[in-house]
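Data block below; observations after.
What follows is calculated from the coordinates using simple rules that are stated; it is not laboratory data. In this text the structure is predicted, and so the values were computed from the model without any measurement. Counting neighbours? That spans all protein chains shown, and the Cβs are built from the backbone with ideal geometry, glycine included.
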Amino acid sequence: MCHLWGFRWSVQWLMQWRRNVCVFLSGDSLSDRSLPDNSQTENRLSSRSYLLVIIDDDKEFRRGARKTKSIRRLARGIYKVPIENKKVRDYVQRFRHLTLKRAREIPRVRETDPELSQRRTYVLMSYSFVEPTAQQKKQTQRLLNRSAYIRIRKGAVLFPYLRSKDIARFYQTDKKKRVLTPKEFAHSMKAIGAKMSRWSRVRAVGPKTDREIAAALDTTISSQLSSLEKRIIDLQEKTKNNTIPVKRLKSRYSELMTRMREARMVFSLIREVWKWDHTKPLRKLYNRLLRCRKAIEDRLE
C-alpha cells in the first residue's frame, strides 16, 4: 500500500509539474507581471467577445455604450464587446472602429501572401498620463522613434506580435541602439510615469479592420517622414545663414543623423515584418541630409 501511495503521489507531482511547464511555455513572451497590462482582461476574452478600438473621439460612443450595459470600457477608446448581440453590432457600425480578437496561432513572418495579412498578430497598447509634462511628451516621442508601431488613435498603438525565433531575428542585435521590443517600450513608458494597458496576440477581424490598420500604418510612416523632412529642410536653410555658428549646425546635423539611423532600423523591420516598403523616400531624405553636411563642411573652408 505504501508503494502504491508513493506511486500515486509521484504521478500527481509529475502531472502538476507538466501543467506548470505548459503554462510557462504558453505564456506571453513579451509580458511582465509587474506591469498593469490588463492581461487578466485578455485572458477573459472569449470567442464571442472582441476588442473594439474607436478610432476617433469616443465620447459619443461612450454615452451610447452605457445604455447597452454589455459594452465594457477597458481604456481610452478601447472596449470589450459581445459581438453576437445584434443591438450592440448595429450600434458599433455607426462609428469608425477596429475589431480585434485573440489569435489562435502566430503566423511566421516569412508568410508574404497579401491574403494572409488578416492573420498577422499584434500587441495592442494604450498609454496615458494624468497631466503629461513637456519632458514626458519628449521622452514618449523618443521611445516611439525607436519602435516599429502603428498609431491607431491618440494614446493607442499596435506592435507586431512575433514568434520567439522571429523576435530573436529582428530585435536582438549587437548594436547598442536598436528597435525596441513591445516589452521594452512598455517598461520604458511605465518608468517615465505612463499608465499602460496591453493586450497581446490579437488579430484583425474582417477586411474592413485590415484596411483601417493598413491605412493607419501608411499614415504613421508618412507622418514620420514628413517630420524628418521638415527638420532637414530647416537645417538646409540654416546652413545658408552665415550668422549661425558652425558648431550649432554640426550639433543639429548630428541629432538628425541619429534620428535617421533610428528611422532606417525601424523601417527595415517594418519592411520585413509588415511588408511595407518606404526605402526610397527615406533614401532621398538621407541624401538630402548628406548635402547638409557638405554645406557645413564648406563653411569651414
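Tabulated data
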item: Stretch gain in nm, segment D57-V246, where the contour uses 0.36 nm per residue and the Cα spacing is subtracted; result: 63.5 nm
item: Extension gain (nm, one decimal) between S223 and K87, 0.36 nm per residue minus Cα-Cα; result: 45.2 nm
item: Length gained when the stretch R142-R94 is fully extended (0.36 nm per residue, less Cα-Cα span); result: 13.7 nm
item: FRET efficiency estimate (nearest 0.05) - Cβ-Cβ, R261 to A191, R0 25 angstrom; result: 0.60
item: Loop-resident sites, the range 137-200, for trypsin sites (Lys or Arg not before Pro), counting at most 11 other Cβ within 10 Å (DSSP); result: K175, K176, K177
item: Cα-centred dipole magnitude for the range 125-215, charges only on beta-carbon of K, R (+1) and D, E (-1), debye, nearest 20; result: 160
item: Where labels lie 7 Å past Cα in the beta-carbon direction, separation of K69 and E297 in nm; result: 7.4
item: Per-bin percent of Cα-Cα distances, the range 246-301 [5 Å]; result: 4, 18, 25, 18, 14, 10, 6, 4, 1, 0
item: FRET efficiency for K275 and K165, using Cβ-Cβ distance with R0 set to 22 Å, rounded to 0.05; result: 0.75
